[in-house]
């Protein structure tokens with residue numbers, strides 16, 4: 001497998017579950033008017049920016065340097081995972097296979113695996129935490145099982161693949177795992193397209209800069225430019241939070257604002273589903289890459 005991706009500095013950590021005293025309310029505060037009248041994304045982005053400003057005012061990032069440094073260690077894996085979830089114009093089934101495949105490749109390419117023993121040690125950590133990492137959360141929403149499927153596939157990839165396996169082997173393994181978990185078969189043609197997508201994404205799109213990655217994705221999917229901007233802003237914003245617990249709560253609020261927006265139903269579903277995968281990925285990688 002070609003490994004030509006320089007992930008640069010092996011980056012820091014993730015996000016997740018628990019406390020969140022939302023900005024004076026449990027409900028997202030939305031603006032009352034649409035500033036553009038004809039572009040619901042203008043209103044959505046304004047509401048998300050307002051929420052973020054309020055959140056940061058109530059949760060200052062002072063003293064969170066340690067967490068941000070930790071986040072950098074995981075950032076490459078999570079970035080590949082997160083943006084990989086939108087690197088497709090095909091249905092959710094493709095996203096939920098391509099995303100953990102990209103995350104797995106992000107680990108292999110971004111971290112030096114010194115030996116099979118080291119790889120086995122990482123796999124053992126995931127297996128040890130499998131029940132926790134594969135809990136099904138937020139089942140009240142349509143994408144509630146996306147984090148479960150994502151983490152389950154990723155853990156199984158560690159069990160069944162090796163650092164030297166090709167993109168073909170990784171995707172075909174992910175397809176097989178998905179079929180085992182859902183009893184839904186993926187066509188050989190879809191698998192072939194995913195292999196090509198994964199190779200293109202890892203070798204030509206992934207970059208240390210979120211801005212660069214977003215622009216490269218827009219070139220491939222100009223019709224998704226607005227969605228890519230929403231996702232990029234989310235990923236940049238969560239890097240300024242204080243803990244994994246905060247990220248989970250922040251993500252719930254972020255998704256709620258998207259759900260309440262005036263963008264199309266399909267775009268809302270795509271965005272909420274993709275953003276919901278990020279915290280699950282971060283929680284998983286935090287079990288492998290520790291703060292020390």
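Quick notes
- So residue 105, is it at pLDDT 85 or above, crowded, with 21+ Cβ neighbours inside 10 Å, assigned to a helix (DSSP H, G or I) and at negative phi: yes
- Verdict on residue 231 being over 23 Å from residue 53 (Cα atoms), touching a residue at least 40 places away in the same chain (Cβ under 8 Å) and in a helix (DSSP H, G or I): no
- Hits in segment 214-229 - residues which are more than 13 Å from the chain's Cα centre (by Cα) and under 24 Å from residue 262 (Cα atoms): 214, 217, 218, 221, 222, 223, 224, 225, 226, 227, 229
- Within segment 192-214, residues that are more than 17 Å from residue 81 (Cβ to Cβ) sit with their Cβ atoms under 6 Å from residues that are modelled with pLDDT of 90 or more and assigned to a helix (DSSP H, G or I), at 6+ positions apart or across chains, in these pairs: 195/167; 195/168; 195/171.
- Considered as a group, the residues in segment 73-102 that are closer than 17 Å to residue 287 by Cβ, modelled with pLDDT under 75 and surrounded by 24 or more Cβ atoms within 10 Å (Cβ to Cβ) include one that is nearest to the chain's Cα centre (by Cα), and that residue is 81.
- For segment 111-122, the criterion of being under 25 Å from residue 211 (Cβ atoms) and either buried (at least 17 other Cβ atoms within 10 Å of the Cβ) or modelled with pLDDT of 85 or more (or both) is met by at least one residue.
- Pairs, first at negative phi and without any contact (Cβ under 8 Å) to a residue 60 or more places away in the chain in segment 175-188, second surrounded by fewer than 12 Cβ atoms within 10 Å (Cβ to Cβ) and part of a helix (DSSP H, G or I), C-beta under 6 Å, six or more apart: none
- Total residues in segment 235-292 satisfying the condition of being touching a helix residue (DSSP H, G or I) at 6+ places or on another chain (Cβ under 7 Å) and assigned to a helix (DSSP H, G or I): the figure is 36.
- Every residue from segment 186-212 that is in a loop (DSSP other than H, G, I, E, B) and surrounded by 12 or more Cβ atoms within 10 Å (Cβ to Cβ): 186, 206, 207, 208
- Residues within segment 135-156 that are more than 14 Å from residue 274 (Cβ to Cβ) and at pLDDT 80 or above, tallied: 7
The values are calculated or read from the model by the stated rules, or taken from the named source; none is laboratory data. It should be emphasised that the depicted structure is a prediction, and the values quoted were computed from it without experimental measurement. A quick note on method: Cβ atoms are made from the backbone with ideal geometry, for glycine too, and the neighbour counts reach across all protein chains shown.
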